[in-house]
Amino acid sequence: MKILIVGQFKIWALENHYTRYLKEYAEVETFPAEDIFDDYYQPSLLNKVKVKLGSKAIYQKISKELLAKIESCRPDIVWVFKGMRIWPETILAIKKMGVKIVNYNPDHPFEYHSKGSGNENVRNSVGYYDLHFTYSRNIQERIISEYQLRTEFLPFGFEMSEIIFDEIQNGAEINAICFIGNPDKTRIEYLTALAQEGLEVHVFGNFWEKTLPKMPNIKIGGPIHDLEFWQNMHNYRVQLNVFRPHNFGSHNMRTFEIPAAGSIMLGPTSREHNEFFKDKEEVFLYASKKEMVAKAKEILNMPDTAASVIGNNARQRSLISGYSYKDRAKQVYEIFNTL
């Protein structure tokens, strides 16, 4: 089997995990549609103006190069991540070449809550794919209902080696609440609510200095990556998870990253969170701001041994249940075989 993955391949991109692990089962090539667009759009004010005024030149370039890539490498399956830079007409042209075409959207295909989460190319192409992967059962049900298309549930996962996990065990526990990510209205409200109760809150990410109120028990750090990310994920007694709008009722990347680090996740209750983990045995789930504050206090006041058991339970559930991206890639390959 030959697979062509179309998307973004910056160091942080989700596509990289699937590219790496699918190579264990199939021949895999990549086409960086998002990177081609970013290299044109981001450095140039003139090019930004051209795109906003309706210029299609960069989209024409991407379409032409993608079709040429398919013609030269002749994949069995083209797997498009999100698809913001791919015209619906290009999707149809690929299908006419006798190639199966699959979509995976790590954001919402119908609702766009931030720049870069979607556009008309995403929305108008939904009905043209042979298969949709989606992280959300709600989205899965909507695509099946509205388009009568085959759709498979593909949750997010985690990417952390045993070597890294062993390395992060050496850090001392910090009995405080940690949040890793960037601000939005809901996250600011929830973190402020915790701080107003006198709880110690440490935040890592961009733009927090300008958005969070100045309080003595709020500590702000910059963005963290790689080993520093996992070390901080593991060290704090509580790791807060707050959904963005497109994740409501579902889950997000932190759903699996926090438990994989052996940490205690304090996250929103949802259909999928309750499916993946046991509340108060492997994670702690809240249904309101008030319940979030109460459960944060409960976790912070736990004896060290009890907190350690919760973190270990979460880690073991993640490993046993196959929540890693290595396991997700195997799942994808098995589904591709049915095409």
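Structure summary
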| item | result |
| --- | --- |
| Relative contact order [Cα under 8 Å, 6+ residues apart], the chain, whole percent | 14 percent |
| Sulfur and carbon atoms: percent of accessible area, region 63-106 [1.4 Å] | 53 percent |
| Alpha carbon convex hull of region 183-240, volume per residue in cubic angstrom | 79 Å³ |
| Gyration tensor (Cα) of region 125-273, equivalent ellipsoid semi-axes in angstrom | 32, 20, 13 |
| Inter-probe distance in nm under a simple model that places probes 7 Å from Cα toward Cβ, at ASN301 and ALA68 | 6.7 nm |
| Heavy-atom accessible area ranking, 1.4 Å probe, most first, across TRP12, TRP230 | TRP12, TRP230 |
| Hydrodynamic radius (Kirkwood) for region 228-339, which is based on Cα pairs only, to one decimal in Å | 14.6 Å |
| Distance between modelled label sites at LEU339 and GLU162, nm, 7 Å Cα→Cβ extension | 3.3 nm |
| Under 19 Å from the LEU227 label point (7 Å along Cα→beta-carbon), backbone N, region 161-185 | 161-173 |
| Solvent exposure of region 174-318 as accessible area per residue, Å², 1.4 Å probe | 42 Å² |
| Residue of ASN312, ASN301, ASN274 that the Gaussian network model of the chain assigns the largest fluctuation, springs spanning Cα pairs under 10 Å | ASN301 |
| Accessible surface, region 60-146, averaged per residue in Å² (probe 1.4 Å) | 43 Å² |
| Percent carbon-and-sulfur accessible area, region 220-321, ignoring ligands, DNA and RNA, probe 1.4 Å | 52 percent |
| Region 202-258, dipole about Cα centre (Lys/Arg Cβ +1, Asp/Glu Cβ -1), debye to the nearest 20 | 260 debye |
| Value in Å of the Kirkwood radius, where region 40-193 supplies the Cα pairs that are averaged | 18.8 Å |
| Charge-dipole axis of the chain as Lys and Arg at +1 and Asp and Glu at -1 on Cβ define it, positive-most pick from ASN170, LEU149, PHE9 | LEU149 |
| Carbon/sulfur fraction of accessible area - region 170-214, other protein chains in place, 1.4 Å, % | 50 percent |
| Segment LYS10-THR269, length gained on full extension (0.36 nm per residue, minus Cα span) | 90.1 nm |
| Debye-sum result for region 40-89 in log10 I(q)/I(0), which assumes one identical scatterer on each alpha carbon, at q = 0.28 Å⁻¹ | -1.13 |
| Ranking by accessible area, most exposed first, for LYS96, LYS326 with a 1.4 Å probe | LYS96, LYS326 |
| Relative contact order computed over region 195-284 (Cα-Cα under 8 Å; 6+ residues apart), in percent | 22 percent |
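The values are calculated or read from the model by the stated rules, or taken from the named source; none is laboratory data. Only a predicted model underlies this, so the values are computations on that prediction, with no experimental measurement involved. Reconstructed Cβ throughout: ideal geometry from the backbone, glycine too, with neighbour counts over all protein chains shown. The area values use the complete protein model at the heavy-atom level, side chains included, leaving out ligands, DNA and RNA. Shrake-Rupley method; radii C 1.70, N 1.55, O 1.52, S 1.80 Å.
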